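The values are calculated or read from the model by the stated rules, or taken from the named source; none is laboratory data. Values in this document were obtained by computation on a predicted structure and should not be read as measured data. No Cβ is skipped: glycine too gets one built from the backbone with ideal geometry, and neighbour counts run over all protein chains shown. Just the protein is used for accessible areas: all its heavy atoms, side chains included, with ligands, DNA and RNA removed. Shrake-Rupley method; radii C 1.70, N 1.55, O 1.52, S 1.80 Å.
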Amino acid sequence: MKVTSWLKNHLPTRRRLIQVYAALLYNANLKGYISGEIYTGNTKAVCVPGLNCYSCPSAVGACPLGALQNALAASGNRAPYYVLGILMLFGLTLGRTICGFLCPMGLIQELLHKIPTPKLKKNRITHVLSYLKYVILVVFVVLIPLWYVSQHYPVPAFCKYICPAGTFEGAIGLLANPVNSDKFSMLNILFTRKFVIMVLLFGGSVFVYRIFCRFLCPLGAIYGLFAKLNLVGVKVEASKCTGCGLCVSHCGMDVRHVGDHECIHCAGCVDVCPTAAISFKAGNITLRAHEKTEAPEKPRLDRNRRIAWCAALLVLAAVLAYYNWPTAGDIPAAELPVTDTAPADTNPAEPLPDEAESSGEDAANAPELTVGSEVGMLGPDFTVPLYGGDTFTLADARGTVTVINFWATWCTPCVAELPHFEQLYRDYDGDIEVIAVHSDLVTDDVDAYLANYDYTIRFALDDSGVVTAYGGSTMLPQTIILDKDGVIVYNTVGSVTYELLESIVAPLIAEE
């Protein structure tokens, strides 16, 4: 009997199960934790309702807040109609019900708050602090990205400087995989600050209910703007309400009344209302009512809920199977001998005069180079389309030191270092080849971006998986330097300086 009672009191509620379900649905690409790479499939262009980092290895959709910042940062080239439209759709239909049921960050905070410790109760100070998220929305999500538009420099400020989801799901999720151990060299003071913010917020969640949602989350602030319009959420039947205030005092959020801009529609107030005036509705359809009200129809409601859960679990199983079913790329190929050499259509550089005089026997005895992405290997040949027309083929650059940079307009470090490559190309004009290859994830603003600059280096689109051939992934920027024979002498993910580039390139040019 005691065991049954304990189980009844500790089983997860329906809302908790929905929260877990949503977190799994957003992060269905579980094999991303094994590969250590970010999913880049078609669904990544679709925004999920809750705060879920785009860079999480398992994320199958985009975060609406990150998408909004990137869209505003590129608003000089195009209006962010899609992102604004999807946020309005989410706001009008669900509003802050998303915060209560469909946000992984909300789930993490609530689980941390379960740890037995003294709790800080809401008061006038917390009520005032709840408006801070609107300040953060205006400053970090809107003004800073728009201000940088004039400088053609994308800065998703909230993601870059504050967001704990980006630190926990994205950075830590990727760095936890040994495959990405070499990425630790990319970390700097910016990551340290964000890590400290994350630790403070997660630690604060133990003592303060939903500390991030209440005081800092700009996505919750956006959905709060639709408080009087959202279709799904808790509703109060005015004729039954006595104004006793039990609902407000029971709520952990800084609400002034049920359903206001701070209400996350968790429906925790439904059963505490003594007059059964509160219910959880989707339009005119009642999804949950007071226990006394539901009692006569409880068998039918339980049956309908079981049917709904079975359907939902089938959908989740199908989604998990779709994203995690092994593909040809996931299955290791049979091991090949390490004597693979350059393809037959890869033409070596023309021999220098002194090389032409060397004996044919020496040439015959020269070791064959393995084609690959590591330093000392022969760089794989590729052909990519250039912005502005024509194509670039690596084989045509043999005999010249070649610098390859993988970048993207939405990658702030990438944009910041482009002038280094331009300066290098101008300083060593005729002695080197520089090609900047743009990621194929989001490409619709590249031409408009380049039109703002007078770059002389060549820009291309990675339409054939060149970055993968060179051992890269979605982590940008990445720089590769090849000597005159096409051998890789430098291949690193992370930002570079002009001094570093010159220190590698200059000796290669000087070699005879």
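Limited to the range 488-499, what total is found for residues that are open to solvent by 60 Å² or more (accessible area, probe 1.4 Å) and within 23 Å of A469 (Cβ to Cβ)?
1
Return yes or no: is P80 over 29 Å from L313 (Cβ atoms), surrounded by 16 or more Cβ atoms within 10 Å (Cβ to Cβ) and over 11 Å from the mean Cα position of the chain (by Cα)?
For P80, the condition - over 29 Å from L313 (Cβ atoms), surrounded by 16 or more Cβ atoms within 10 Å (Cβ to Cβ) and over 11 Å from the mean Cα position of the chain (by Cα) - is met.
Taking the range 178-236 as the search range and keeping residues that are of a type in the set (V, I, T) and in a strand (DSSP E or B), which one is surrounded by the most Cβ atoms within 10 Å (Cβ to Cβ)? Spell out the reasoning first.
Let us first name the residues in the range 178-236 that are of a type in the set (V, I, T), namely 179, 189, 192, 196-197, 199, 206, 208, 211, 222, 232, 234, 236.
Subsequent filtering for residues that are in a strand (DSSP E or B) retains 232, 234, 236.
On the way: V232: 19, V234: 24, V236: 16.
Filtering the range 178-236 for residues that are of a type in the set (V, I, T) and in a strand (DSSP E or B), the one surrounded by the most Cβ atoms within 10 Å (Cβ to Cβ) comes out as V234.
Return the pair list, or none, for Cβ contacts closer than 8 Å from residues in the range 9-24 that are surrounded by 13 or more Cβ atoms within 10 Å (Cβ to Cβ) to residues that are aliphatic (A, V, I, L, M) and in a loop (DSSP other than H, G, I, E, B), at least 6 apart or on different chains.
That search, which allows pairs on different chains as well, returns R15/A267; I18/L102; Q19/L102; A22/L102.
Among the listed residues L92, L137, L72, L68, which satisfies the condition of being buried (at least 18 other Cβ atoms within 10 Å of the Cβ), at pLDDT 95 or above and either among the β-branched types (V, I, T) or not in a loop (DSSP other than H, G, I, E, B) (or both)?
L137
With part of a loop (DSSP other than H, G, I, E, B), open to solvent by 40 Å² or more (accessible area, probe 1.4 Å), in contact (Cβ under 8 Å) with a residue 12 or more places away in the chain and within 25 Å of T409 (Cβ to Cβ) as the only criterion, which of T474, T456 stands out?
T456
List the pairs whose first member sits in the range 354-383 and is surrounded by 10 or more Cβ atoms within 10 Å (Cβ to Cβ), whose second member is at pLDDT 80 or above and part of a helix (DSSP H, G or I), and whose Cβ atoms are under 6 Å apart, counting only residues at least 6 apart or on separate chains?
Going by the 6 Å Cβ cut-off, the qualifying pairs are P380/A469; D381/L394; D381/A395; F382/L394; F382/V466.
Just to verify a result, which residue in the range 488-511, among those that are assigned to a loop (DSSP other than H, G, I, E, B) and over 22 Å from P380 (Cβ atoms), is farthest from the chain's Cα centre (by Cα)? Spell out how you get there, then give the answer.
Of the residues in the range 488-511, the ones assigned to a loop (DSSP other than H, G, I, E, B) are 494-497, 511.
Checking which are over 22 Å from P380 (Cβ atoms) leaves us with 495, 497, 511.
Working: S495: 19, T497: 26, E511: 43 Å.
Checking each candidate, the answer is E511.
Among the residues of the range 152-177, how many are more than 24 Å from V415 (Cβ to Cβ) and open to solvent by less than 10 Å² (accessible area, probe 1.4 Å)?
Selection size over the range 152-177: 1.
Looking at this structure, is V149 open to solvent by less than 80 Å² (accessible area, probe 1.4 Å), within 24 Å of L225 (Cβ to Cβ) and at pLDDT below 95?
Yes: the conditions hold for V149.
What's the number of the only condition in (1) of a type outside the set (V, I, T); (2) in a helix (DSSP H, G or I); (3) more than 26 Å from F226 (Cα to Cα); (4) within 19 Å of the chain's Cα centre (by Cα) that F158 fails to meet?
The one condition F158 does not meet is (3).
Please verify whether R458 is basic (K, R) and within 30 Å of P156 (Cα to Cα), treating the condition exactly as stated.
Here the answer is yes, as R458 does meet what is asked.
With respect to T167, is the statement that it is under 17 Å from the mean Cα position of the chain (by Cα) and not aliphatic (A, V, I, L, M) true? Break it down stepwise before answering.
Values: under 17 Å from the mean Cα position of the chain (by Cα): yes; not aliphatic (A, V, I, L, M): yes.
Judged against the criteria, T167 is a match.
Among the residues that make up the range 264-278, is at least one of them outside any loop (DSSP other than H, G, I, E, B) and without any contact (Cβ under 8 Å) to a residue 60 or more places away in the chain?
Looking for residues that are outside any loop (DSSP other than H, G, I, E, B) and without any contact (Cβ under 8 Å) to a residue 60 or more places away in the chain, one finds at least one in the range 264-278, hence yes.
Inside the range 377-450, counting only strands (runs of 3 or more DSSP E) that do not spill past its ends, which hold 1 or more residues that are among the hydrophobic types (A, V, I, L, M, F, W, C) and within 14 Å of I481 (Cα to Cα)?
Counting at least 1 such residues, we get 401-407, 432-438.
Collect the residues in the range 428-476 that are at pLDDT 90 or above and in contact with a Gly (Cβ under 9 Å, 6 or more places away or on another chain), keeping them in residue-number order.
R458, F459, V466, A469, Y470
In the range 95-134, how many residues are open to solvent by 70 Å² or more (accessible area, probe 1.4 Å) and part of a loop (DSSP other than H, G, I, E, B)?
So the answer is 8.
What is the residue count in the range 418-444 for residues that are surrounded by 20 or more Cβ atoms within 10 Å (Cβ to Cβ) and among the acidic types (D, E)?
Number satisfying all stated conditions: 1.
Open to solvent by 20 Å² or more (accessible area, probe 1.4 Å) and among the hydroxyl-bearing types (S, T, Y): is that true of T400 in this structure? Break it down into steps so the answer makes sense when it comes.
On the way: open to solvent by 20 Å² or more (accessible area, probe 1.4 Å): yes; among the hydroxyl-bearing types (S, T, Y): yes.
Considered against the rule, which asks whether it is open to solvent by 20 Å² or more (accessible area, probe 1.4 Å) and among the hydroxyl-bearing types (S, T, Y), T400 comes out as yes.
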